[in-house]
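Please treat every number below as a calculation from the coordinates, not as lab data. Bear in mind the structure is a predicted one, so any value in this text is a computation, not a measurement. Heads up, the Cβs are rebuilt from the backbone with ideal geometry, glycines too, and the neighbour counts pull from every protein chain shown.
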Amino acid sequence: MTDSVKLTGVTKRFGDVLAVDDLHLNVADGEFFSLLGPSGCGKTTTLRMIAGFEFPTSGSLTIRGQEMALNPPNERPVNTVFQSYALFPHMTIEENVGFGLRMKKVAPADIAQRVKRTLDMVQLSHRASASPSQLSGGQQQRVALARALVNEPQVLLLDEPLGALDLKLRQAMQLELKDLQQRVGITFIYVTHDQDEALTMSDRIGVMSDGKLLQVGGPQDIYEHPRSRFVADFIGEINLMPAVAVDRDSVKLLDGQVLMAPHDAPAGRSVTVAIRPERFTLFRPDAEIPSGRSSIAGKVIRRIYHGDVFLYDVDTAEGLLEVKEENRPNVEVFEIDSQVVVSWSPSAATVIED
Ligand SMILES: Nc1ncnc2c1ncn2[C@@H]1O[C@H](COP(=O)(O)OP(=O)(O)O)[C@@H](O)[C@H]1O
Ligand SMILES: [Mg+2]
């Protein structure tokens, strides 16, 4: 695969603030890549450096193999969609989308054709002559997308573009955006602090904290095999159990039991075993646990009914564990104060070494 955007040792300082710290990142051609992290971690600054609105303090940034770190935005084959997308209120949708092309003095016939094609792409052809105020929030966001796509960029940069929409609409737009990206086939680099959004849409995710890229991987990899406490905690709920490395294939929990879980920590080192709540299963104390599974005894101290799932807090020798069980017809429901066994398969456990 060709690199669409490649950052090598990119650092950005604003005075004393180290906004982006020695970032190394390759985004492949046609990839939907998300930068995910809490507010202030350097996502927007990274995106603005790719767009050319900021220049790196040091490092190299190439787009399609060409060094671009210090080129102005108009020399780069990229376009940006912002959260606040201010459409021109006195222009029709069609005119809004064609505005940039008119400024660039593209021939009118070409403009008409490209605007039409782009409005088709975002499914707004039927509203071409409406004014922005006649459109819903989601439709306006699609116009903002069209305005960027009409320039036929090789890379589209999106900075929390759905942040202003309510949850239902945001979820619908997530699927729509993913569809659109697959149809147009260009590289999307998407900034968000919303883990669900990143998991739903991305081919790969880069998790950032404090200007650093902590982990890059596919959604499933990031969710199921977080390599640091920060990534584990930031993406969804997770149980963290203190343990000690025994050898490269096993660790010992506080209650003395040894778990099979591969890792690289030297023997004797303190580690953390991370397990997602939905990877736990509850059994009655007298139940026969299927062989090969690990388990720990405990007492239910809280149960929350969520419609689709039950959430349990179970007090164990490893501390409080959160267990998520789907509300299926045959699933046994446990009462508060009942004794249970929390069980999991070895593949559910990830060892975190920090
Ligand atoms: N123009 C600027 N001048 C000074 N500090 C800035 C500027 N832009 C961003 N920062 C700082 O850089 C850090 C990263 O900001 P930003 O990239 O906007 O984070 P995010 O988009 O992840 O919320 C923050 O500490 C922010 O205050
Ligand atoms: Mg930001």
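Could you please state, rounded to a whole Å, how far the C-alpha centre of the range 217-234 is from the C-alpha centre of the range 170-208?
For the range 217-234 versus the range 170-208, the Cα centre distance is 17 Å.
Counting only residues 5 or more places away or on other chains, whose amide H sits under 5 Å from the amide H of residue 54 once H atoms are built in the peptide plane?
49
With labels modelled as points extended 7 Å from the Cα through the Cβ direction, what inter-label distance (nm, one decimal) is found for residue 247 paired with residue 125?
6.7 nm
Ignoring everything except DSSP H segments at least 4 long, calculate the 222 nm mean residue ellipticity for the chain; use -39,500 (n - 2.57) per segment, divide by total residues, nearest 500. Before the final figure, lay out the partial values.
Working: 8 runs with 84 residues, N = 354.
Calculated from helices alone, the mean residue ellipticity at 222 nm is -7000 deg cm²/dmol.
Over the range 237-352, what per residue volume does the convex hull of the Cα atoms give, in whole Å³? Don't jump to the answer; show the numbers that get you there.
On the way: hull volume 11.1 nm³, N = 116.
Per residue, the Cα convex hull of the range 237-352 comes to 96 Å³.
Can you give the FRET efficiency for residue 168 and residue 84, using 1/(1 + (r/R0)^6), R0 = 22 Å, r = Cβ-Cβ distance, to the nearest 0.05?
0.60
Using Cα positions and a limit of under 18 Å, work out the lysines in reach of residue 212, with same-chain residues fewer than 8 apart set aside.
Once the sequence-local lysines are set aside, what remains near residue 212 is 6, 12, 43.
Could you check the spin-label model distance between residue 327 and residue 2? Points 7 Å from the Cα along Cα→Cβ, value in nm.
Between residue 327 and residue 2, the simple spin-label model gives 5.1 nm.
Report the full-extension gain for the segment residue 353 to residue 258: residue separation times 0.36 nm, less the Cα-Cα distance, to one decimal in nm.
Answer, rounded to one decimal: 32.5 nm.
Around residue 160, with a cut-off of 11 angstrom between Cβ atoms, what is the net charge of the other residues, counting Lys and Arg +1 and Asp and Glu -1? Can you show the working numbers first?
Details: positive: 43, 170; negative: 159, 194, 197.
Within the 11 Å Cβ shell, the charges total -1.
What whole-number distance in Å separates the alpha-carbon centres of the range 275-352 and the range 1-57?
Between the Cα centre of the range 275-352 and that of the range 1-57, the gap is 40 Å.
Considering only DSSP beta bridges where both residues belong to the chain, give the percentage that are antiparallel (nearest 5).
Values: 60 of 78 bridges.
Taking every DSSP beta bridge within the chain, about 75 percent pair in antiparallel fashion.
Once fully extended, how much extra length lies between residue 220 and residue 339, figured as 0.36 nm per residue of separation less the alpha-carbon to alpha-carbon distance?
39.6 nm
Which shape class, rounded, prolate or oblate, goes with the range 1-45 when its Cα gyration tensor gives a ≥ b ≥ c as root eigenvalues, a/c under 1.5 marks rounded, and past that a/b bigger than b/c marks prolate?
oblate
Full extension from residue 67 to residue 299: what is 0.36 nm times the residue separation minus their Cα-Cα distance, to one decimal in nm? The partial results should precede the final answer.
Working: separation 232, 0.36 × 232 = 83.52 nm, distance 5.97 nm.
Result: 77.6 nm gained on full extension.
So what is Rg over Rh here for the chain, counting just Cα atoms and using Kirkwood for Rh? It would help to have the intermediate numbers written out before the result.
Working: Rg = 24.6 Å, Rh = 23.0 Å.
Across the chain, the Cα-based Rg/Rh ratio is 1.07.
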